[in-house]
Amino acid sequence: MPSPSPEPAVAVPAGGLGRIAAGITLFRPTEAQIAALPQRLPAGLGRRFAFANSPLAPAEAEALARAGITVLTDPVRPGANLGIAEALNRLVAAAREAGLEALYCLDQDAAADPGLPEALLAGRDRLAARGLSPAVVGPAPAAAPGHKVPAYPFRPGADAAEALRPVQFLATSGSLIDLPAAARVGLFRTDFFIDAVELEWCFRAWSLGHGCYCDPAVSLPHRVGGGTIRAFGIAMPRQPLFRMATYLRNSVYAWRLPHLPLAWKLRQGLYLPAQAALYWADSGCRPAVLARLAAAARDGLLGRLGPPRSFD
C-alpha cells in the first residue's frame with residue numbers, strides 16, 4: 001500500500017497535544033461541515049490530517065488547507081470511496097510517519113468539544129502509568145436529537161482503571177488510538193469496508209492484550225443513520241439499505257473469527273434476525289429489501305466481503 005503521507009516526518013514537541021495528530025474522515029462533506037471542522041480541533045496538535053473518500057471541490061480543499069489540515073486521498077483514484085477502514089488505516093499511517101504517539105479520530109459531522117483530545121490523552125497516560133496498554137480511549141456516547149445512543153458493552157473480567165471503563169468496543173469517531181498498540185493489533189479490516197469495522201478491531205485488540213476504554217467524564221453525540229426504528233423493545237438506526245446489508249453481512253461473517261467471544265456470537269445469533277425483521281417491516285415489507293438482506297447474510301456465511309455491491 002503506498003504511503004498516505006505526502007510530507008516527511010517533522011519534529012514533535014515532547015509533551016501535550018503535540019504528541020498526537022487529528023485524523024478526520026470525509027465523505028461528501030457539506031460546506032457547513034467543512035467550516036465547522038477547525039472549531040472542533042484545539043491548537044497545539046502535532047498534525048492535522050483528513051482522508052477524503054469523495055472528491056473535494058477546490059474551495060473545500062482550500063478551506064481545509066487554511067485550517068492546517070493536510071488532505072490525504074488515494075493517489076491512483078483521487079476521491080475514490082475506499083471505505084472507512086482504509087481511511088482509518090491511511091490516517092494511522094500518516095500519524096505514525098509524522099512521529100506521533102496517538103491519533104485523535106473524528107467524523108466530519110462529529111460535534112466534538114475542542115477539549116476532548118486533551119482529556120482522552122490524559123486518560124491514556126493514566127492507563128499507561130498503571131502498566132496497562134490501551135489500544136483506544138474514547139468518550140461516553142450521547143444521543144443526538146432523534147438518534148439512538150450507541151451501546152458500549154462492559155468488558156467482562158477487566159477492571160475499571162483510573163475512572164475509565166473497559167468496554168468491548170467503541171466508535172472510533174471522537175476516540176484516541178494509541179499508535180504503538182495499533183501497530184501490534186494490526187490494520188482495520190478493509191474488506192469490512194464500513195460497518196462493524198471498529199467492533200472487530202476492538203475485539204482483536206483485547207485478544208492481544210490491549211484494552212479499549214471509555215471515559216465517562218466526557219461525551220460525544222453520535223448520529224448514525226437518519227433516525228431510529230423502535231419496536232418490541234429493540235431500537236436500531238434507520239439507515240440506507242446498503243449500510244444495513246453490509247452490517248448484517250459483516251456481523252454474520254464475524255461469527256467465524258476466534259477473537260470474538262462466544263457469548264457475543266450467541267447474542268448476535270438472536271439479535272441479528274430480529275434486527276433484520278424490524279428493518280424489513282420498517283421498509284414496508286418490500287420483497288426487494290428482504291432479498292437484499294438475505295443475500296447479505298448469505299455473503300457473510302460464504303465470506304464474500306469487500307465494498308457493497310451497490311450504494312442504494
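Scanning the range 190-207 for residues that are out of contact with any helix residue (DSSP H, G or I) (no Cβ under 6 Å at 6 or more places or on another chain) and aliphatic (A, V, I, L, M) yields a single hit, LEU199.
Number of residues in the range 59-75 that are part of a helix (DSSP H, G or I) and more than 16 Å from LEU45 (Cβ to Cβ) equals 5. Only one entry of GLN108, GLN33 meets the criterion of being touching a helix residue (DSSP H, G or I) at 6+ places or on another chain (Cβ under 7 Å), polar (S, T, N, Q) and in contact (Cβ under 8 Å) with a residue 24 or more places away in the chain, and that entry is GLN108.
Each row is one residue, and each column tells you yes or no for (1) at pLDDT below 95; (2) over 22 Å from ALA140 (Cβ atoms); (3) of a type in the set (D, E, K, R); (4) not assigned by TED's automatic domain parsing to the domain that holds ASP107.
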{"position": "SER207", "(1), (2), (3), (4)": "no, yes, no, no"}
{"position": "CYS212", "(1), (2), (3), (4)": "no, no, no, no"}
{"position": "PRO240", "(1), (2), (3), (4)": "yes, yes, no, yes"}
{"position": "TYR271", "(1), (2), (3), (4)": "yes, yes, no, yes"}
{"position": "ALA296", "(1), (2), (3), (4)": "no, yes, no, yes"}
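Restricting attention to the range 27-58, the residues that are among the small types (Gly, Ala, Ser), within 19 Å of LEU88 (Cα to Cα) and part of a loop (DSSP other than H, G, I, E, B) total 2.
Matching residues to (1) of a type outside the set (Lys, Arg); (2) surrounded by 19 or more Cβ atoms within 10 Å (Cβ to Cβ); (3) within 19 Å of PHE188 (Cα to Cα):
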{"site": "TYR253", "(1), (2), (3)": "yes, yes, yes"}
{"site": "HIS259", "(1), (2), (3)": "yes, no, yes"}
{"site": "LYS265", "(1), (2), (3)": "no, no, no"}
{"site": "ALA276", "(1), (2), (3)": "yes, yes, no"}
{"site": "TYR279", "(1), (2), (3)": "yes, yes, no"}
{"site": "PRO287", "(1), (2), (3)": "yes, no, no"}
{"site": "ASP299", "(1), (2), (3)": "yes, yes, no"}
{"site": "ARG304", "(1), (2), (3)": "no, no, yes"}
{"site": "PRO307", "(1), (2), (3)": "yes, no, yes"}
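The residues listed here are GLY174, GLY211, GLY227; of these, the one that is at positive phi, in contact (Cβ under 8 Å) with a residue 24 or more places away in the chain and crowded, with 21+ Cβ neighbours inside 10 Å is GLY174. Only one entry in PHE192, PHE203, PHE242 is within 22 Å of TYR253 (Cα to Cα), touching an Asp or Glu at 6+ places or on another chain (Cβ under 7 Å), in a helix (DSSP H, G or I) and of a type outside the set (Val, Ile, Thr), namely PHE242.
The values are calculated or read from the model by the stated rules, or taken from the named source; none is laboratory data. Just so it is clear, the structure is predicted and the values come from calculations on it, not from any experiment. Neighbour counts run over all protein chains shown; Cβ positions are idealised from the backbone, glycine included.
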